[in-house]
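Undergrad: First, the structure itself, so that you have it in front of you.
The values are calculated or read from the model by the stated rules, or taken from the named source; none is laboratory data. Given the structure is predicted, the values throughout are model-derived calculations rather than measurements. Positions of Cβ are generated from backbone atoms using ideal geometry, with glycine treated the same way; all protein chains shown enter the neighbour counts.
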C-alpha cells in the first residue's frame, strides 16, 4: 500500500464548505503522480520523455463522508488489477483527524503510447512497481 497525504485547500471546497465532488479525482491524480515517483524520472519522465500515459477508461467513486477546508486526508493506494495493457488503481480516502474512511475511488487506466494514442504492453519497470502494491 502506498500512502499520499495532502491538505484540503480553500480552492477545493464548494459553497457548502465541503470538498467539491470532482476534486476527489484531482487528489487521485496527485497520488498517482507520487505513486510513480520511484521510477527513474518519476511520472514527469513517463509523460515527457517516454511518452507513456495512463488515460482513464473507467472511474467509480463511492462517497461516505465529507472533507472540509483545512482537513488533512490520506489516500491509501493499492493496485487490485494489473493486466497486459491496463491497470486499476484503488484510492481509499481517510480523514486524518478521526480516521474516517470518507471515499473510495477505483480508476482503470489504459497504459498508452502518447505519440500514437494507442494502448501498449505495460513496461517492465511500471509493472514491477504496480505489482509491489497488488494484493
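Undergrad: Condition test on residue 82, is it under 21 Å from residue 130 (Cβ atoms), touching a helix residue (DSSP H, G or I) at 6+ places or on another chain (Cβ under 7 Å) and either touching a residue at least 12 places away in the same chain (Cβ under 8 Å) or surrounded by fewer than 18 Cβ atoms within 10 Å (Cβ to Cβ) (or both)?
TA: Yes: the conditions hold for residue 82.
Undergrad: From the list 75, 67, pick out the single residue that is within 29 Å of residue 40 (Cα to Cα) and either at pLDDT 95 or above or more than 16 Å from the chain's Cα centre (by Cα) (or both).
TA: Values: 67 fails: within 29 Å of residue 40 (Cα to Cα).
Every option except 75 fails the conditions.
Undergrad: Now, a different point. Would you mind stating whether residue 58 is touching a residue at least 60 places away in the same chain (Cβ under 8 Å) and either at positive phi or in contact with a strand residue (DSSP E or B) (Cβ under 9 Å, 6 or more places away or on another chain) (or both)?
TA: Details: touching a residue at least 60 places away in the same chain (Cβ under 8 Å): no; either at positive phi or in contact with a strand residue (DSSP E or B) (Cβ under 9 Å, 6 or more places away or on another chain) (or both): yes.
Against the criterion (touching a residue at least 60 places away in the same chain (Cβ under 8 Å) and either at positive phi or in contact with a strand residue (DSSP E or B) (Cβ under 9 Å, 6 or more places away or on another chain) (or both)), residue 58 does not qualify.
Undergrad: Looking at region 8-20, can you tell me whether even one residue there is under 30 Å from residue 125 (Cβ atoms) and surrounded by 16 or more Cβ atoms within 10 Å (Cβ to Cβ)? Please lay out each step first, then the result.
TA: Going through region 8-20, the residues under 30 Å from residue 125 (Cβ atoms) turn out to be none.
No, region 8-20 contains no residue that is under 30 Å from residue 125 (Cβ atoms) and surrounded by 16 or more Cβ atoms within 10 Å (Cβ to Cβ).
Undergrad: So which residues in region 93-103 are without any contact (Cβ under 8 Å) to a residue 60 or more places away in the chain and surrounded by fewer than 17 Cβ atoms within 10 Å (Cβ to Cβ), if there are any at all? Working first, answer last.
TA: Filtering region 93-103 for residues without any contact (Cβ under 8 Å) to a residue 60 or more places away in the chain gives 94-95, 97-102.
Hits for region 93-103 are 97, 98, 99, 100, 101.
Undergrad: Then there's this: In region 23-44, is there at least one residue being farther than 23 Å from residue 132 by Cα, modelled with pLDDT of 95 or more, surrounded by fewer than 18 Cβ atoms within 10 Å (Cβ to Cβ) and in contact with a helix residue (DSSP H, G or I) (Cβ under 9 Å, 6 or more places away or on another chain)?
TA: Within region 23-44, one or more residues are farther than 23 Å from residue 132 by Cα, modelled with pLDDT of 95 or more, surrounded by fewer than 18 Cβ atoms within 10 Å (Cβ to Cβ) and in contact with a helix residue (DSSP H, G or I) (Cβ under 9 Å, 6 or more places away or on another chain).
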